[in-house]
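Colleague: The structure's right below; bear with me while I get my questions together.
The values are calculated or read from the model by the stated rules, or taken from the named source; none is laboratory data. Please read all numbers here as calculations on a predicted model, not as lab measurements. Virtual Cβ from ideal backbone geometry, glycine too; neighbours counted across all protein chains shown. Calculation scope for accessible area: heavy atoms of the full protein, side chains included, ligands and nucleic acids excluded. Shrake-Rupley method; radii C 1.70, N 1.55, O 1.52, S 1.80 Å.
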Amino acid sequence: MGTGGVALVAAALAVVLVTRLWTALAHLVWRPYAVARAFARQGIRGPPYRVLVGNGKEVQAMRAATSGDTLDLASHDYIARVMPQYRAWVSLYGKVFLTWSGSTPALFVGSHDMVKRVLFDKAGLYGKTDPGPTILSLMGRGLVFTDGDDWSRHRRVVHPAFAMDKLKSMTGAMAACAAEVIRGWEARAAASGDRGEVTVEVGQQFTELTADVISHTAFGSSYRQGKEVFLAQRELQFIAFASINSGMRVPGTQYAPTKANVRRWQLERTVRGTLMAIIDERLAAAKEAKGYGSDLLGLMLEANAGDGGGKRQQQAMSMDEIIDECKTFFFAGHDTTSHLLTWAMFLLGTHPEWQQRLREEVVRECGGAEVPLSGDALNKLKLVTMVLYETLRLYGAVPLIARRATAGADLCGVKVPKGTLLLIPIAMLHRDEEVWGADAGAFNPLRFRDGMGRAATHPNALLSFSLGPRSCIGQDFAMLEAKATLALILRRFAFRVAPEYVHAPADFLTLQPSKGLPVVLKLLEPAVLVTSSG
């Protein structure tokens with residue numbers, strides 16, 4: 001190649017380099033400052049953008065500074081510990097402000113009206129964010145992460161499995177799993193001596209219990225294989241949490257053959273292989289006219305089969321999509337419900353007067369410890385329902401959710417550019433005194449005496465199951481399981497939070513006690529139940 005050819009190649013390379021450099025500068029420097037100025041003109045400000053890192057370093061520093069904080073048992077304000085950056089920025093910039101995730105603008109949406117507009121959106125303006133491969137390996141691209149036509153197709157298949165009449169038929173399995181755990185507690189309490197007391201770390205117990213429940217109700221006779229999925233997902237959850245909090249945001253690292261990624265890929269193969277084996281058994285049974293089964297998986301496969309032809313068959317889900325839905329409801333079905341039960345035990349263990357009121361209601365509506373539970377009786381437990389709603393308000397599993405603007409949008413008068421993240425701080429909105437009243441920080445289940453819609457000045461103030469068309473499809477399942485478990489516990493035990501408990505809620509993908517929840521259980525005599533009922 002002559003001198004002229006070399007010069008030509010060098011010039012071409014220089015053009016490519018300059019073009020890419022210009023594109024990077026536009027993405028990392030010019031656009032963020034332009035977006036910040038556009039928001040500022042609308043009266044919305046926030047912490048300053050820093051090239052490449054956004055506000056990441058400030059967030060890490062603030063979280064590190066509060067990581068050792070603990071709360072008094074009477075305090076439910078964990079915001080300063082779990083999301084200190086938002087507490088600080090709200091005090092500086094108000095309920096709606098701009099922050100930065102790397103070079104991506106993120107609008108903090110602390111207005112209930114704006115949240116309602118986002119979550120009730122049916123035009124596709126506010127889509128789900130891309131969770132990345134680590135979270136997808138844990139939960140799959142099921143209903144939680146699909147959008148548009150895919151979401152509609154998935155919901156058509158999954159929805160029949162969560163109809164209330166189907167869930168009521170699962171009450172027996174839920175109660176049987178809980179009863180097995182409680183018998184273990186009874187044996188330990190009876191062996192402890194005259195006082196009949198035993199200290200149990202209920203957080204881990206509830207995690208295993210809810211995994212048993214979802215294994216039985218989702219996979220029926222294949223529940224032992226379901227437990228294998230649970231164990232793999234628990235490890236995947238730890239890997240996902242470590243990845244999110246590592247501070248590493250180098251593009252492509254999630255695909256590199258690191259030790260964590262190799263283990264994640266192994267666990268993914270285990271989960272997929274186990275679920276595929278269960279599904280294959282069901283499909284083989286259906287071919288022999290034995291049906292798909294009456295559990296959640298069977299109901300989903302039956303709905304997916306449809307009438308076998310036409311447009312309905314074109315809308316069927318692939319096996320990979322069904323596996324993703326299994327991952328989703330398995331993780332969501334046991335993890336969030338276990339923490340609901342854990343925090344309900346904490347609140348009842350620190351409010352004995354409410355514990356006694358619930359015990360009296362359970363015995364009145366469901367009978368004594370010897371009477372089997374029924375779905376109809378559980379649905380009559382108004383006070384239990386109120387306590388569970390208040391638990392979700394104060395200690396909901398997910399403190400914050402995010403959406404992404406798929407196009408430029410007008411959000412209650414605020415011009416939001418395409419690609420902007422919308423951060424919905426559920427935990428902070430649940431403590432908004434303007435909406436919930438002066439006692440927003442206190443445990444007061446009576447605020448739900450007239451139902452969720454009248455508990456606050458805003459009819460859509462409780463966000464624990466989200467809102468609108470994308471609200472959690474499994475909320476009735478979770479509530480029924482929690483009622484059944486609490487009813488069985490209340491009929492057999494009085495309990496209080498153990499003195500060694502450390503009140504330090506932490507966000508490990510879901511909100512949970514950072515050091516577990518030890519509870520002192522005291523076995524009740526039958527005479528106590530008779531007296532309490534009346």
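Colleague: Would you please name the residue that is surrounded by the fewest Cβ atoms within 10 Å (Cβ to Cβ), looking only at residues in segment 196-210 that are touching a residue at least 40 places away in the same chain (Cβ under 8 Å) and in a helix (DSSP H, G or I)?
Modeller: Our first condition is that a residue be touching a residue at least 40 places away in the same chain (Cβ under 8 Å); within segment 196-210, this holds for 196-204, 206-207, 209-210.
Filter once more, keeping what is in a helix (DSSP H, G or I): 202-204, 206-207, 209-210.
Values: Val202: 27, Gly203: 21, Gln204: 13, Phe206: 25, Thr207: 20, Leu209: 23, Thr210: 27.
Going through the qualifying residues, I end up with Gln204.
Colleague: Test Met428 against the stated conditions and say whether it is under 24 Å from Arg449 (Cα atoms), touching a residue at least 40 places away in the same chain (Cβ under 8 Å) and open to solvent by 20 Å² or more (accessible area, probe 1.4 Å).
Modeller: On the way: under 24 Å from Arg449 (Cα atoms): yes; touching a residue at least 40 places away in the same chain (Cβ under 8 Å): yes; open to solvent by 20 Å² or more (accessible area, probe 1.4 Å): yes.
For Met428, the condition - under 24 Å from Arg449 (Cα atoms), touching a residue at least 40 places away in the same chain (Cβ under 8 Å) and open to solvent by 20 Å² or more (accessible area, probe 1.4 Å) - is met.
Colleague: Could you list, in sequence order, all residues of segment 165-195 that are open to solvent by less than 10 Å² (accessible area, probe 1.4 Å) and either farther than 22 Å from Lys227 by Cα or basic (Lys, Arg) (or both)?
Modeller: The answer is Ala189, and nothing else.
Colleague: Which of (1) touching a strand residue (DSSP E or B) at 6+ places or on another chain (Cβ under 8 Å); (2) open to solvent by 20 Å² or more (accessible area, probe 1.4 Å); (3) not acidic (Asp, Glu) does Arg447 not meet, given it meets every other one?
Modeller: Status for Arg447: all satisfied but (1).
Colleague: Further question on the same structure: I'd like the residue in segment 441-494 that is aromatic (Phe, Trp, Tyr) and part of a loop (DSSP other than H, G, I, E, B) and, out of all such residues, is nearest to Gln356 (Cα to Cα).
Modeller: Filtering segment 441-494 down to residues aromatic (Phe, Trp, Tyr) leaves 443, 448, 465, 477, 493.
So of that shortlist, the ones also part of a loop (DSSP other than H, G, I, E, B) come out as 443, 465.
Values: Phe443: 16, Phe465: 28 Å.
Among those residues, the one meeting the criterion is Phe443.
Colleague: Give the residue, chosen from Asp77, Asp69, that is open to solvent by 40 Å² or more (accessible area, probe 1.4 Å), under 22 Å from the mean Cα position of the chain (by Cα) and in contact (Cβ under 8 Å) with a residue 24 or more places away in the chain.
Modeller: On the way: Asp69 fails: under 22 Å from the mean Cα position of the chain (by Cα).
It is Asp77.
Colleague: Then there's this: Just to check your reading of the model, which residue among Ala34, Ala38 is aliphatic (A, V, I, L, M), in a helix (DSSP H, G or I) and exposed (fewer than 15 other Cβ atoms within 10 Å of the Cβ)?
Modeller: Numbers: Ala38 fails: exposed (fewer than 15 other Cβ atoms within 10 Å of the Cβ).
Checking each option against the conditions leaves just Ala34.
Colleague: Those residues that are assigned to a loop (DSSP other than H, G, I, E, B) and modelled with pLDDT under 95, I need them from segment 495-515; list them, please.
Modeller: Keep residues of segment 495-515 that are assigned to a loop (DSSP other than H, G, I, E, B), which gives 498-504, 509, 514-515.
Residues satisfying the conditions are Leu509, Ser514, Lys515.
Colleague: Has segment 112-132 got any residue that is assigned to a helix (DSSP H, G or I) and more than 30 Å from Ser91 (Cβ to Cβ)?
Modeller: Going residue by residue through segment 112-132, those that are assigned to a helix (DSSP H, G or I) are 112-119, 132.
Still in the running and more than 30 Å from Ser91 (Cβ to Cβ): 132.
Yes; the residues of segment 112-132 include at least one that is assigned to a helix (DSSP H, G or I) and more than 30 Å from Ser91 (Cβ to Cβ).
Colleague: May I pose another question? Would you say Ala438 is within 17 Å of Gly333 (Cα to Cα) and either small (Gly, Ala, Ser) or without any contact (Cβ under 8 Å) to a residue 40 or more places away in the chain (or both)?
Modeller: Details: within 17 Å of Gly333 (Cα to Cα): no; either small (Gly, Ala, Ser) or without any contact (Cβ under 8 Å) to a residue 40 or more places away in the chain (or both): yes.
Considered against the rule, which asks whether it is within 17 Å of Gly333 (Cα to Cα) and either small (Gly, Ala, Ser) or without any contact (Cβ under 8 Å) to a residue 40 or more places away in the chain (or both), Ala438 comes out as no.
Colleague: Evaluate segment 174-183: report whether one residue or more is within 23 Å of Phe346 (Cα to Cα), at pLDDT 85 or above, not aromatic (Phe, Trp, Tyr) and not in a helix (DSSP H, G or I).
Modeller: There is no residue in segment 174-183 that is within 23 Å of Phe346 (Cα to Cα), at pLDDT 85 or above, not aromatic (Phe, Trp, Tyr) and not in a helix (DSSP H, G or I).
Colleague: On to the next question. Do we have Glu360 as modelled with pLDDT of 95 or more, over 30 Å from Pro417 (Cα atoms) and open to solvent by 10 Å² or more (accessible area, probe 1.4 Å) here?
Modeller: yes
Colleague: On to the next question. Out of Gly333, Gly293, Gly298, report the one residue that is in a loop (DSSP other than H, G, I, E, B) and either in contact (Cβ under 8 Å) with a residue 60 or more places away in the chain or open to solvent by 50 Å² or more (accessible area, probe 1.4 Å) (or both). So that I can check it myself, show each step before the final result.
Modeller: Details: Gly333 fails: in a loop (DSSP other than H, G, I, E, B); Gly298 fails: in a loop (DSSP other than H, G, I, E, B).
Going through Gly333, Gly293, Gly298 in turn, just one is in a loop (DSSP other than H, G, I, E, B) and either in contact (Cβ under 8 Å) with a residue 60 or more places away in the chain or open to solvent by 50 Å² or more (accessible area, probe 1.4 Å) (or both): Gly293.
Yes/no per residue for (1) of a type outside the set (Val, Ile, Thr); (2) within 15 Å of Val59 (Cα to Cα):
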position	(1), (2)
Val82	no, yes
Arg87	yes, yes
Val90	no, yes
Val96	no, no
Ser101	yes, yes
Ala106	yes, yes
His112	yes, no
Val115	no, no
Ala123	yes, no
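Colleague: Condition test on Leu136, is it within 26 Å of Ser466 (Cβ to Cβ) and open to solvent by less than 30 Å² (accessible area, probe 1.4 Å)?
Modeller: Details: within 26 Å of Ser466 (Cβ to Cβ): yes; open to solvent by less than 30 Å² (accessible area, probe 1.4 Å): no.
Criteria not met by Leu136.
Colleague: What is the residue count in segment 101-133 for residues that are within 18 Å of the chain's Cα centre (by Cα) and either without any contact (Cβ under 8 Å) to a residue 12 or more places away in the chain or closer than 19 Å to Ser471 by Cα (or both)?
Modeller: Total meeting the criteria: 7.
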